[in-house]
Structures are given as structure tokens and as C-alpha cells.
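Below is one structure, written out as C-alpha cells; the observations come after it.
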Amino acid sequence: MREDGQGRRVTLGDVAKGVLRAVPELLRVDKGGLLRLATLRPRSRQSIGRVLEHWARHAPDRVALRFEDQAWTYRALNTWVNRVAATLTAHGVRSGDTVGVLMENRPELLVAVAAAAKLGAIAGLLNHHQREATLAHSLGLLKTRVLIVSAECRDALTSADYTPETQAETTFLWHGGDDASPAPPGWRDLADAARHRSPTDPASTRQVRAEQPCYYVFTSGTTGLPKASVMTHYRWLSSLALIGAVTLHVRPDDVFYCCLPLYHNNALTISWGAVLSAGATFAVDRGFSATRFWDRVHHYDATAFSYIGELLRYLLNQPPGPGDRAHRVRFITGNGLRPELWADFEARFGVDRIYEFYGASELNIAFVNAFGVRQTAGFTPLSFAIVAFDEVSLGPRRDARGLARRVDTGGVGLLISEITARRPFDGYTDPAASDGKVLRDVFREGDRWLDSGDLVRDQGLRHIQFVDRVGDTFRWKGENVATGEVEGVLARQDGVTHGVVYGVTVPGAEGRAGMAALTLTPGHALDGRALAAGLSRALPPYAVPVFLRVRQEHDTTTTFKAVKGALIREGFDPARIDEPLYALLDPARGYEPLTDAVFAAIAAGARRL
């Protein structure tokens, strides 16, 4: 029986092999990555803008960015960024201000981020899948001086009632999208305005310090609505050096393909940072397509790409084809690759350098598979601990003295990381939310640690393996889903009295699919099509529950909190549940009865969700 890698321990032999393979490559292409990492300081005047300007001077004619059939050199990209920065300045943007960015994947998003960064401003990267109250909440956290929106996202913005008429203090800049549609009344056309601005590097870039925020990335956190996690130039530059130069050994002639959303750290921090570590080429695509993935890799002649675990599972689920090995990909990097898929992916697609990493937008620590060891989320030299987990408090289990205990090698526990001057916790825009992540007096009086909210396995030699998330979230389609957010949307749907949301395991699928246990208003029958339509209008696709369970009442605690443990254990199996079950197999048809035959097909992998 093939080992699936679950519970695998890392040995000195594993690390030694990785070092022997990495050292020659590191000496050949590092170009000071280790030195940059060792000398980087929060107060230093280093930033995204300075890196871009470096490559515009030293490799001006090298291709920096590709998108579909277009390409920009480092000189052209830097000039474009400068013109947009000058436009933002003309509209009052200064250091510390926030520039909201609501776009699907396109070059203009990267340009907007870099332009804001050159001014010492902060780009607020809005999730273009959000709608209505969720998007309004996210916009409210940003307090934008300027909002840049592309035409394809205007309907999302309108659903949040966020317009020039309702937000007099915000300047609205318009990008016309693929059709170059004209700016609506009350908007300013960004391309037209930037065309007439200065192409020279702004003086402000030389004043930006590494400790300053460069952008906000929205995260579901552990509960509730999205939070705006603060990303600093310091963290971005650390990733550039540690992952791009020291671990991946990115070369100037590499083409790094990215089809992940650019509002994610996997794309913006890890992928683009890795590219800029060597002045390589960043090939951005609109989105992921399992059927066309290798065609797109071939289109860009990519030598690397970024992933989330579910993406690789989708590729493995595709029928074998000639494109499986007809590529030049020499390494990939990402997170969420389950151990049981690792060997299958290597064998089928011929990619034997998989640099898995672990991190989150708000964390002050990251693990990366620096030694190329199989079936691990990687190694870190930074201070961390894996402690026994308390299922009641959802935090560290404390002893009689109030102190936590580290798990043994091979054990599973809660990952925490120490907060220090060199590794601060940048937090969220909401101070209360930030404070809730900090653990105090964990091993000794006065120490401070950051709660990751994740359960991991200690693999030894400072390596970990991701196990699961804790709290009221689950992960589906590579995205974190906050159950409270979905429950709030359910409560607004006609005929629904109360919805309890949780994640359930689906055979052969990554993460947990959303499921809702509903109580209906007396006299109302479930309208599966209308409910699916209502949820789809208000939620991103990954957050819409896949399964429903209709019941007369919910089990609650004495404080009226829903008891989810039994619901999660029973899942969506008709043989274990004597209440009506429904599944969302086709959004156009809505929720349909989940029969024994449908359940069997899902369990056997014949029906994909």
C-alpha cells in the first residue's frame, strides 16, 4: 500500500539531500538573496518601489510582465507605474493614505499597487467576488482616499451602494476594462489622466521605509466578516529574499505563471515577489481553468507557477493528455497540497521541485520547503511552538500554572509564533481584532505569541505539516469561509428562520464543503432554486453551501449557541440522517433532493462538486 505521507517525519538525510541540491543553485543565481535577508531592517529605506526601479535601471529591456498577448519591459512597466503614481498624487494621495483597488486579474491591478507603494500609500486589495453587505463592510474598513475600479466590477460596487453619489470624500478612478468603456458620470478616467502625467520616478519612493504598510489583504480570519490584514514592505521584501532568491532560486530568464487572484498573498507577495527577486517575467492570467491550464502554461512558455492545493487536485482529475509533460516547468510553489497527492502529481506531470509553504496574511511567520523535502509545508528558522490544543477555548491548553505545553515530535497541536521586534505582528485595521490574536504569558510571564488558528503536525527539524483550521471557519475551493458570514446571509433569505453553517468532508475533495442546517418559517416549503439564486447573489461562489439539511429545530447550548459537532460528524449521508437533504449540483437548477444514488455518486467521485 502506497504511503500517503500523512504523519511523515523529516530526517537529517532529507535535509542533507536538499542542501546538496540547493547549494550549487544558490551560489549560481542567488545574487545576494541571503545578504538582503540578513541586512533587511524594518527602519531601512527599502520598498516595493525601490525594487521595481532597480530592475528598470539594470535590466530595462527585459520583459517584466505578460498578460495574454501583451508584454511590458521593466522600463515600460516602471514608467507606467510612475504616471499612475503622479495621477494619484494629483488627486491628493499622500503617504499613509489608502487607495482601494477593485479589479479582476489584469496588469492595471499590479500597476495600481506599485504606484500606491511608491507614494508610501497603502493599496486596499478588494475581493472582486464579494457583493452587497460583505463588500460594503470591506470598503468601510479601508477608508479610501481614492478608489480604482475596472468596468467588470462596477455591478459588484453598485450592489454595495458605494458610488460617487454616496461617497463624496472618495475620488473614483475608472478603468474601462477590455472594451475601454467610457467613465460613467462622477468618475475620472484613469488611463486618460495618467497619459499626461510625469514618467519619472517620484522622490517619495526614496522616503518609504520597510516597516510601512504597502497593502491590505482581506482575510476571513477565524470568525465573522472579512478583516483587512496589514502587509508591510518589510514582510514583502523578506518573502522576496527568502522564497524567491534563497529557496526557489529564481533566474532572470524564468517565466512565472500565475492564475491565482491577485488580491491573494500567494499571487501578490509570494509569486510577484519571487519574480522581482531576479528581475524575471511575471505571466498573469485572468483565472484558473483545469481544462486549459497546460495550454496556458505553454502559451507563456512558463518555467514555474504558483498553486493552491485544490488547483493541483483539479489538474490530477483531468484525463491524461499530451500537455501533461509538454512544458518547461522546473518548479512550482504554493500551499495546501495534501500529502496523498504529492507523489501522484510529481509522477504524472514531471515536476519534482515542489516548494510548499505555510503562511497567512496576518501571521508574522512563514514556513517554506527550503530543502525540497516531500510532503511537508516546510521549515522556518523563526521562533514558533506547537502546543497542546484546547477544544473548548480553541486556544492553547493551559496547566495549573496557566502555561502551555509543547507537543512531542509527530504530535498535532496549535501553531503559535513569537512576537518580537524583528518579527512584529502587523495586525488588522481593527485594533480589537488584532488584540484577539495575541496570546500572553504562554511559557513565561510577559511573553507574547501570535495564535495562527491552525492545527499542524510537528515533523521534526523545525518542519511542519498542515492538518486543519480551528474555529468557525472551513476551507473550500482554496478559500476560507466564515460560517457567521454565511449564516447572516441565510437569515435574510425568504422562508429561512435560522441557518447553522459548517464544513463537511467530501471524499476525494480538498478542504470541507459548506453545509447548512435550516429551520424554515412555518408554512414555507423549501424553494431550492430561489434560495440558491439568493445566496449566489450575496456570497462568493466558494461560500455558497453545497448541501442543505432541513430540520424542525436546532440543538443549542445553554447560551443559545448552535451545537455543530453532531452535524459535522453526520455530514450529508442519507443513511445517517432522517431529515430532508439537498445538494447544489447545478446552480441553474438550484438545490435538489440528495438521494441515495446521488450520495453514492459523490462518495465514489463520479459527481464532482
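Couple of notes before you dig in:
- Meets criteria (under 27 Å from Glu340 (Cβ atoms), crowded, with 17+ Cβ neighbours inside 10 Å and in contact (Cβ under 8 Å) with a residue 12 or more places away in the chain) for Ala575: no
- When Ala278, Ala290 are screened for being closer than 28 Å to Ala123 by Cβ and either touching a Leu at 6+ places or on another chain (Cβ under 6 Å) or of a type in the set (A, V, I, L, M) (or both), only Ala278 passes.
- Residue-level analysis places Ala600 outside the set of residues that are farther than 25 Å from Gly478 by Cα and either part of a strand (DSSP E or B) or not charged (D, E, K, R) (or both).
- Counting only residues that are touching a Leu at 6+ places or on another chain (Cβ under 6 Å) and either among the hydroxyl-bearing types (Ser, Thr, Tyr) or closer than 19 Å to Ile568 by Cβ (or both), region 456-482 holds 4 of them.
- Any hit, region 382-393, residues being touching a Pro at 6+ places or on another chain (Cβ under 9 Å), aromatic (Phe, Trp, Tyr) and outside any helix (DSSP H, G or I): yes
- The condition (being of a type outside the set (S, T, N, Q), closer than 30 Å to Gly402 by Cα and out of contact with any strand residue (DSSP E or B) (no Cβ under 9 Å at 6 or more places or on another chain)) is satisfied by just one residue among Gly436, Gly460, Gly508: Gly460.
- Residue tally, condition out of contact with any Leu (no Cβ under 7 Å at 6 or more places or on another chain) and either closer than 18 Å to Asp189 by Cβ or not in a helix (DSSP H, G or I) (or both), over region 72-81: 2
- Test: residue in region 344-364 that is farther than 25 Å from Gly453 by Cα, in a loop (DSSP other than H, G, I, E, B), charged (D, E, K, R) and in contact (Cβ under 8 Å) with a residue 24 or more places away in the chain: no
- So Phe474, is it surrounded by 21 or more Cβ atoms within 10 Å (Cβ to Cβ), in contact with a strand residue (DSSP E or B) (Cβ under 7 Å, 6 or more places away or on another chain) and assigned to a loop (DSSP other than H, G, I, E, B): no
- Pairing each residue of region 45-57 that is within 15 Å of Val275 (Cα to Cα) with any residue that is of a type in the set (D, E, K, R), provided the two are 6+ apart or on different chains, yields C-beta distances under 7 Å for Gly49/Lys118; Glu53/Asp201; Ala56/Arg75.
- Residue check, Phe371 outside the structural domain of Val250 (by TED's automatic domain parsing), at pLDDT 85 or above, under 25 Å from Gly336 (Cα atoms) and touching a helix residue (DSSP H, G or I) at 6+ places or on another chain (Cβ under 7 Å): yes
- Residue within region 414-424 that is in contact with a His (Cβ under 8 Å, 6 or more places away or on another chain) and buried (at least 18 other Cβ atoms within 10 Å of the Cβ) present: no
- In region 373-388, residue nearest to the chain's Cα centre (by Cα) [restricted to those that are over 24 Å from Asp435 (Cβ atoms) and surrounded by 20 or more Cβ atoms within 10 Å (Cβ to Cβ)]: Ala377
- With respect to the conditions (1) part of a helix (DSSP H, G or I); (2) in contact with a Phe, Trp or Tyr (Cβ under 6 Å, 6 or more places away or on another chain), Val456 lacks only one, and its number is (1).
- A count restricted to region 120-158 and to residues that are in a helix (DSSP H, G or I), over 14 Å from Tyr263 (Cβ atoms) and without any contact (Cβ under 8 Å) to a residue 40 or more places away in the chain stands at 6.
- In region 389-411, of all residues being buried (at least 17 other Cβ atoms within 10 Å of the Cβ) and of a type in the set (A, V, I, L, M, F, W, C), the one that is nearest to Pro339 (Cα to Cα) corresponds to Val407.
- When Leu337, Leu315 are checked against the criterion of being surrounded by fewer than 22 Cβ atoms within 10 Å (Cβ to Cβ) and either in contact with a His (Cβ under 7 Å, 6 or more places away or on another chain) or at pLDDT below 95 (or both), Leu315 stands alone in meeting it.
- A single member of Gly499, Gly436, Gly427 is surrounded by 19 or more Cβ atoms within 10 Å (Cβ to Cβ), outside the structural domain of Arg551 (by TED's automatic domain parsing) and either in contact with a Pro (Cβ under 9 Å, 6 or more places away or on another chain) or over 22 Å from Ala377 (Cβ atoms) (or both), and it is Gly427.
- Looking at Ser229, Ser271, just one residue is of a type in the set (Gly, Ala, Ser), at pLDDT 95 or above and in contact with a Ser or Thr (Cβ under 7 Å, 6 or more places away or on another chain), and that residue is Ser271.
The values are calculated or read from the model by the stated rules, or taken from the named source; none is laboratory data. Just so it is clear, the model here is predicted, and its values are computed rather than measured. Note that each Cβ is placed from the backbone with ideal geometry, even for glycine, and that neighbours are counted across all protein chains shown.
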